[in-house]
Amino acid sequence: MTVPPIVRLTDGVPVDIARDAAREAAVRELARPIYPRESWWERISGAVRDWLEDLLDAASGLPGGWFSILLLAFVILLVALPVLSMARRATRARAVRRGELFEAATRSAAEHRAEAERHAAGQRWAEAIRERLRAVARDLEERAVVEELPGRTADELAAEAGRALPGFAGELAEAARLFDDVTYGDLPGTAEGYERLTGLDDRLRAARPALSGHPGGAA
């Protein structure tokens, strides 16, 4: 579009302005506060409207029109969902292999228990369950029931502690599954699950490792 020269009146005498200067003058004039500006919502609405118009134009040019576009979108969705699901499972599997039982900061069993209780008070059951199992693991390490092992997973803890305390092997395995469910399985924690883990923690604190030839291990 050609921008015509702007003519200003100075003392009643018309003055011709070059095209570039006229354009700059027009931009400055429109930038003054007296002119309304588009809001962010108007800009977004305009962009969506333009996109829909382009989509309609594209649909009118395709054989089959909207049916072809919907069919293509359906095919893309069928392909994308399994790929996204596989990627999500692979991410979880890598996290489980890395071992996320303990976070970077090293805390005592008492500190993990206190953190678990704070989460439980706020009904954040998944976080409470995670912290309670960390308290179990740290307590067993502090009492030398299991070896202190950085990067240990919940399953590894259950296996090692179950050998030292065979009377608790089943409950430890269940606690590890509960930890994995709320950490990697996107399952919600529950008050019942936290209570079971709390009871296990209390009884494990009084347990002593099994002596050779004397299975059972619970005090």
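Some values worked out for this structure:
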read-out	value
Residues satisfying the stated conditions in region 141-155, i.e. assigned to a helix (DSSP H, G or I) and either in contact with a Leu (Cβ under 7 Å, 6 or more places away or on another chain) or open to solvent by 50 Å² or more (accessible area, probe 1.4 Å) (or both)	E142, A154, D155
Enumeration of residues in region 156-183 that are open to solvent by 30 Å² or more (accessible area, probe 1.4 Å) and either hydroxyl-bearing (S, T, Y) or outside any helix (DSSP H, G or I) (or both)	T183
Hits in region 191-206 (condition: surrounded by 15 or more Cβ atoms within 10 Å (Cβ to Cβ) and more than 12 Å from V136 (Cα to Cα))	G193, Y194, R196
Residues of region 87-129 classified as of a type in the set (D, E, K, R), out of contact with any helix residue (DSSP H, G or I) (no Cβ under 6 Å at 6 or more places or on another chain) and at pLDDT 65 or above, total	5
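The values are calculated or read from the model by the stated rules, or taken from the named source; none is laboratory data. If you're wondering where the values come from, they're calculated on a predicted model, not measured in any experiment. So basically every Cβ, Gly included, is an ideal-geometry build from the backbone, and we count neighbours across all protein chains shown. Protein only, heavy atoms only, side chains kept; ligands, DNA and RNA dropped before computing areas. Shrake-Rupley method; radii C 1.70, N 1.55, O 1.52, S 1.80 Å.
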